[in-house]
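Heads up: the structure comes next, in structure tokens.
The values are calculated or read from the model by the stated rules, or taken from the named source; none is laboratory data. Small disclaimer: the values here were computed from a predicted structure and weren't measured. All Cβ positions, even for glycine, are placed from backbone atoms using ideal geometry, and neighbour counts span all protein chains on display. Accessible surface areas use protein heavy atoms only, side chains included; no ligands, DNA or RNA. Shrake-Rupley method; radii C 1.70, N 1.55, O 1.52, S 1.80 Å.
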Protein chains: 2
Amino acid sequence: MSADPTSSPFLAACRGERPTRRPVWFQRQAGRSLPEYRAIRGTGSILHAVRDPALAAEITLQPIRRYDTDAAILYSDIMVPIAAVGFGVDIKTGIGPVAEKPFRSRADLDRVRPLEPDHDLPYVAETVRLLVRELSVPLIGFAGAPFTVASYLIEGGPSRTYTKTKALMLGDPELFRELLSRLAQHAVASLRAQIAAGASVVQVFDSWAGALHPAHYERYVLPHTRAVFAGVADLGVPRIHFGVTTGELLALMATAGVEVVGVDWRVPLDAARARVPTHISLQGNLDPAVILAGWPQVQVEATDILRRNGAHHGHIFNLGHGVLPESNPDVLARLAEFVHAQPVGSNVEDQA
Amino acid sequence: MSADPTSSPFLAACRGERPTRRPVWFQRQAGRSLPEYRAIRGTGSILHAVRDPALAAEITLQPIRRYDTDAAILYSDIMVPIAAVGFGVDIKTGIGPVAEKPFRSRADLDRVRPLEPDHDLPYVAETVRLLVRELSVPLIGFAGAPFTVASYLIEGGPSRTYTKTKALMLGDPELFRELLSRLAQHAVASLRAQIAAGASVVQVFDSWAGALHPAHYERYVLPHTRAVFAGVADLGVPRIHFGVTTGELLALMATAGVEVVGVDWRVPLDAARARVPTHISLQGNLDPAVILAGWPQVQVEATDILRRNGAHHGHIFNLGHGVLPESNPDVLARLAEFVHAQPVGSNVEDQA
């Protein structure tokens, strides 16, 4: 069944309302850190796996059986829509999204036609429908933000410098704008299809926007992200926006038309809070590497995050980025338990 | 000859004194972006090239002939000391520093013996001596900060997540402390040798410290960086400290015992200024990717940086990270000219 907003701590915290317990989930909670995932996943591309609704639903459910998390997140990938319209991308294990023929000129726009979800990726909505029948927690649908998807298309793969992306952004802003505008349509169409099928929340990943000067972000990127969130505003589901190394962008991200801003671990949660309006909820922000240090250290760090949050209702506990493949699931299970055990709306400073 | 502090705009700005013109240099100004570098460099490891003082001096001088920069920076690498004591590292073109046998346990400390500059890397001081005879601008000596050098040893190469480094830092803080303490000795010994040979300024690169939560940085990393700067304090040369994605760390970095903090492009210069005491000078902070967009865009962005600096004397114009190999040297030459043409100690807001 679909989650009831009045009883979901996650949905309550998204809206800044008092949750019945402190909500927690883990970015990339499904995936390589779970032995049961490695057992059923096989070796093919994730782009193939997501076309099998039964498999994608099962992978989505695996962490829910292990961890008492307050939300599930659809097993999918931010490159699914652009792959579905035939741009020519794949996701290589251990590397990430790669485009054999990167985006270089106006002619490449021909490979970025509008997304028609019913026709191009019916399997996504089908997976969502399977899931909401099973789940008793909200399902998070998601999409890549136009900038981050564009960066893979332009670079041809993951990058440390985003040189080609920035060169196009600054050197041919009109073409860059057209590309991001088309990618915004993909995100809106994909998110609307997920919500129609039963997703109760959406998260938009602008994972690499933190590579930009804030003024560049505001001028060349934020308008397209705003278009994505505006495009689902009428559907009334909470909207989360997340990226890494976004310390200088948090205030701008909070203006994108969202209820929740995700924070990576570089910015202490109280510092992040000071950069966004009070009505914005925050999600985060434990360094995923801390999980590898084992329980006592995880408890210390989780306590510090809750202390920095103080008594604000609008906090969803999470990692500051995705679960690392080397993580011990038992530590994550214990972390969820620990967060749930802390009283809501109180300062946990002296409790750990 | 060695530079005279009273006439060097760069040294004046390092000390927050009024420079005779706005100083500028470019991180990684020597290297792959210059055709004359590619012509003489050959294909071997940089660790071999730096052992040839005539070659290393020539490469250091190449950008000085092209650009009217206010400082030269020694052609070397942050891994030179750890390579010289025989840890077993190489620098692979297009990849970066790699260690075939990474640092994993206490036994690996045997490969991190103390550095004796006269014995282990006499070629570095020899290169410095050759250079200060030729140069009419200050020569910057440099070293890697303990954390960043350690990250290469522990990861075995460049990383996006620094998982192993953080796992060791949090999981075995005593071993981590011992490793960083030894690497601090290397940095101090190497910097003292460079200064004794004629370097007039030192820069310490903690390139990847920005991957850390500020509290982790302060607890596990900063004490070792402080030891490095304290170890050269008696020599009286200005000290610069630089890293990327350090927006949340700038205030802490400013307490490391330095005159200058380097800022990457993610933090607008006026925002950076607000995070450090007034007596600290700043270096930066143009996004290196902007150079690829060509002159008109470079002028716009450089003007914005100077405007954000206002009339503060303690500013050294630079890129926010190293020159990208794809950069056009003519654009950098024009940028140095442009910065020099702006009046000192005035607000350039309406002049561009």
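The H on the amide N of B:Gly320, modeled in the peptide plane, is under 5 Å from the matching H of B:Trp265, B:Leu286, B:Asp287, each at least 5 residues off or on a different chain.
Model label sites at A:Asp172 and A:Glu17, defined 7 Å from Cα along the beta-carbon direction, differ in position by 4.9 nm.
What ranking, highest mean first, results for peptides A:121-133, A:268-280 when packing means the other Cβ atoms within 10 Å averaged over each residue? Intermediate results must be reported in sequence, preceding the final value.
Values: A:121-133: 19.8, A:268-280: 17.2.
Final packing ranking: A:121-133, A:268-280.
Label-point distances for B:Asp330 to the equivalent site in the other copies, using a point 7 angstrom along Cα→C-beta, read 6.5 nm when ranked shortest first.
Go ahead and estimate [θ] at 222 nm for chain A from helices alone: -39,500 (n - 2.57) per DSSP H run with n ≥ 4, summed, over the residue count, rounded to 500.
Values: 15 runs with 145 residues, N = 352.
Counting only the DSSP helices, I get -12000 deg cm²/dmol.
Buried surface between chains B and A: roughly 2800 Å² of accessible area, summed over both sides, computed with a 1.4 Å probe on protein heavy atoms only. Computed from backbone phi, the HN-Hα couplings of segment B:199-210 come to 5, 9, 8, 10, 10, 10, 8, 10, 3, 10, 4, x Hz, rounded to whole numbers (Karplus: 6.51 cos²θ - 1.76 cosθ + 1.60, θ = phi - 60°; Gly and Pro given as x). Per-residue shielding of A:199-211, expressed as the average number of other chain Cβ atoms within 10 Å of the residue Cβ, stands at 1. Computed from Cα atoms, the angle from the helix A:122-134 axis to the main principal axis of chain A rounds to 10 degrees.
Averaged across the residues of A:160-172, what count of C-beta atoms belonging to other chains lies within 10 Å of each residue's C-beta? Write out the running numbers ahead of the final one.
Details: counts 3, 7, 2, 8, 3, 1, 7, 9, 2, 2, 11, 4, 1.
Partner-chain Cβ atoms within 10 Å, mean over residues of A:160-172: 5.
Note on B:Ala311/A:Glu337: beta-carbon distance plugged into 1/(1 + (r/R0)^6) with R0 of 35 Å gives a FRET efficiency of 0.05. Our analysis of chain A gives Rg over Rh at 0.94, with the two radii drawn from alpha carbon positions and Rh computed by the Kirkwood formula. Remark on B:Gln283: its backbone amide H falls under 5 Å from those of B:Val261, B:Gly262, B:Val263, B:Ile316, a criterion applied only to residues 5 or more positions apart or on other chains, H modelled at 1.01 Å from N. Note on the protein assembly as shown: semi-axes of the ellipsoid equivalent to its C-alpha gyration tensor, largest first and rounded to whole Å, are 44, 28, 24.
Each residue of segment B:260-274 was assigned a 3J(HN,Hα) from its phi angle through the Karplus expression (A = 6.51, B = -1.76, C = 1.60, θ = phi - 60°), giving 9, 10, x, 10, 7, 6, 6, 9, x, 4, 5, 5, 4, 4, 5 Hz with x at Gly and Pro. To put it simply, the accessible area of the protein assembly as shown at a 1.4 Å probe is 52 percent carbon and sulfur. For A:Lys92, the point set 7 Å out from Cα toward Cβ sits 1.4 nm from its twins in the other copies, listed from shortest up.
The phi torsions of segment A:91-98, fed into the Karplus equation with coefficients 6.51, -1.76 and 1.60 and a -60° offset, translate into couplings of 10, 9, 4, x, 10, x, x, 10 Hz, rounded to whole numbers, with Gly and Pro shown as x. Accessible area per residue for segment B:9-341 is 34 Å², calculated with a 1.4 Å probe on protein heavy atoms, without ligands, DNA or RNA. Annotation: amide H of B:Ile73 within the under-5 Å range of B:Ile140, sequence separation 5 or more or interchain, hydrogens built in the peptide plane. Between copies, the label points at B:Arg65 (set 7 angstrom from Cα along Cα-to-Cβ) are spaced 6.9 nm, reported in nanometres from shortest to longest.
Once you keep just the Cα pairs under 8 angstrom separated by 6 or more residues, what percentage relative contact order results for segment A:9-341?
Details: 637 pairs, mean separation 72.4, N = 333.
It comes to 22 percent, rounded to a whole number.
Across peptide A:213-220, what mean number of C-beta atoms from other chains lies inside 10 Å of a residue's C-beta?
The per-residue average across the peptide is 4.
A simple spin-label model places the labels of A:His48 and B:Thr93 3.7 nm from each other, with each point 7 Å out along Cα-to-Cβ. Report the calculated FRET efficiency for B:Asn328 and A:Thr161 (r = Cβ-Cβ distance, R0 = 22 Å), to the nearest 0.05. So the FRET efficiency works out to roughly 0.85. Which pairs, out of A:Lys101/B:Lys92; A:Lys166/B:Lys101; A:Lys164/B:Lys101; A:Lys164/B:Lys164; A:Lys92/A:Lys166, put more than 32 Å between their alpha-carbon atoms? Checking Cα-Cα distances, A:Lys166/B:Lys101; A:Lys164/B:Lys101 exceed 32 Å.
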